[in-house]
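The structure under discussion appears below in the form of structure tokens.
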Amino acid sequence: MSETTPAPATVSKVAVITTGGTIACTSDADGHLLPTVSGEELLRPIAARFDSSQFVFEIHELNRLDSSSMTFADYDEINTAIHRILEDPDVVGIVVTHGTDSMEETAIAVDTFHTDHRPVIFTGAQKPADHPEADGPGNLFEACLIASDASARNIGTLIVFGHAVIPARGCTKWHTSDELAFATNGPEEPERPDPLELAALADIAVEIIPAYPGASGASVQAALDAGAQGLVVEAMGSGNVGSAMGAALGKALESGVPVIMTTRVPRGDVAGAYGGAGGGATLAAKGAIGSRYFRAGQSRVLLAIALATGQHPATLF
């Protein structure tokens with residue numbers, strides 16, 4: 001850990017946790033992106049834009065990962081760091097820099113365990129740090145601004161990106177390269193169940209299974225054989241699969257494996273309405289849970305948290 005400005009014990013702090021991602025990347029000789037920028041280098045030009053008499057920045061560099069490499073163990077490390085940092089009463093908010101590929105998953109893992117009133121803000125970049133039009137500095141500045149604002153308290157975890165401020169619950173990356181990288185499927189009035197006490201996720205195994213016309217049940221059985229404790233199905237339409245996969249999911253449900261039905265469709269809720277062996281209503285009658293507005297990535301995290309904490313999965317959706 002290092003600090004950009006020496007801080008008296010009583011000065012307010014914004015803590016910045018860096019984990020890597022495009023915001024910390026530069027291009028090598030072959031044009032490939034690699035995470036080379038330290039947390040202090042990321043924050044130095046941002047800190048200069050703030051009045052250090054109001055608050056100072058505290059940097060916690062956890063790692064430099066491409067976020068597609070994130071695991072549940074990494075979520076545990078980030079959550080542990082957040083809870084430890086918030087033991088300091090001088091910290092007014094936390095910013096986490098993170099890759100965009102899996103930001104929505106980490107953000108909801110943090111939000112579901114975030115019992116403190118102070119905000120946690122996720123941000124990152126679509127363009128690397130050495131790009132002539134890098135978007136990371138602007139995103140990081142706005143994230144720090146919101147993290148330090150008292151009006152951001154008591155609303156949980158947010159993603160601040162491309163001038164948008166989005167609650168973690170229901171957030172999804174909607175464009176591979178546009179600077180407005182994220183959108184939300186959540187309701188206009190955000191909802192948030194009571195957060196849970198922190199629990200480890202590293203030993204939880206939840207698999208995502210895609211559905212498509214003609215899909216067999218082989219992937220369902222393969223996931224169970226590999227040790228999956230729960231399944232998330234990226235179904236078609238409002239939560240439907242073909243007959244063969246429906247039969248396999250029915251057997252999984254009968255054996256006590258929790259199944260969450262989500263959809264490959266970008267927008268809209270998942271609700272069981274159709275009959276037939278793979279229809280959403282049929283599977284719901286057997287115990288499958290519709291994901292509502294959550295897509296596969298966040299549904300997997302919520303199911304894993306339910307398994308880790310002994311909660312009924314429906315309470316987290």
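Computed from the coordinates by the stated procedures, all read-outs in this text should not be read as laboratory data. Because the structure is predicted, anything quoted here is derived from the model rather than measured. Methodologically, a virtual Cβ is constructed for each residue, glycine included, from the backbone with ideal geometry; neighbour enumeration extends over all protein chains shown.
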Please compute the modelled spin-label separation between R264 and T26, points set 7 Å along Cα→Cβ, answer in nm with one decimal.
4.1
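Taking 0.36 nm per residue of separation and subtracting the Cα-Cα distance, what length does fully extending A226 through E189 add?
9.4 nm
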What's the exposure ranking of V11, V37, V16, V120, going from fewest to most Cβ atoms within 10 Å?
V11, V37, V120, V16
With charges set only on the Cβ (+1 for Lys and Arg, -1 for Asp and Glu), what does the dipole of the chain come to about its Cα centre, in debye to the nearest 20?
1040
Per the Kirkwood formula on distinct C-alpha pairs, the Rh of region 206-316 is how many angstrom?
13.3
Note down the nm distance, to one decimal, between modelled labels 7 Å out along Cα→Cβ at S68 and at A244.
2.9
Within a Gaussian network of the chain (alpha carbon springs, distance under 10 Å), most fluctuating of E179, E104, E197
E197
Among I17, I155, I204, rank each residue by its count of other Cβ atoms within 10 Å, from fewest to most, as a rough exposure measure.
I155, I204, I17
Whole-Å distance, taken between Cα centres, linking region 63-116 and region 120-189
14
Long-range HN-HN contacts of S12 with modeled amide H, under 5 Å:
V56
Note: Y212 to E87 extended length (0.36 nm per residue) minus current alpha-carbon separation gives 40.3 nm
In whole Hz, the Karplus estimates of ³J(HN,Hα) for region 228-242 (6.51, -1.76, 1.60; θ = phi - 60°; x where Gly or Pro) are 4, 8, x, 10, 10, 10, 7, 7, 9, x, 8, x, 10, 9, x
Normalising by the residue count of region 206-316, find the relative contact order in percent from Cα pairs under 8 Å and 6+ residues apart.
26
Dipole of the chain, positive direction: furthest Cα of I146, T309, A211, with charges on the beta-carbon:
A211
Taking the Cα centre of region 206-316 as origin, work out the dipole magnitude from +1 charges on Lys and Arg Cβ and -1 charges on Asp and Glu Cβ, in debye rounded to 20.
220
Considering amide H positions built from the backbone, and no H for Pro or chain starts, which residues 5 or more places from L65, or on another chain, come under 5 Å of its amide H?
G20, G21
For the chain, what does the helix formula give at 222 nm: sum of -39500 (n - 2.57) over DSSP H segments with n ≥ 4, over the residue count, nearest 500 deg cm²/dmol?
-8000 deg cm²/dmol
Surrounding charge for F55, neighbours by C-beta under 10 angstrom, Lys/Arg +1, Asp/Glu -1, total -2
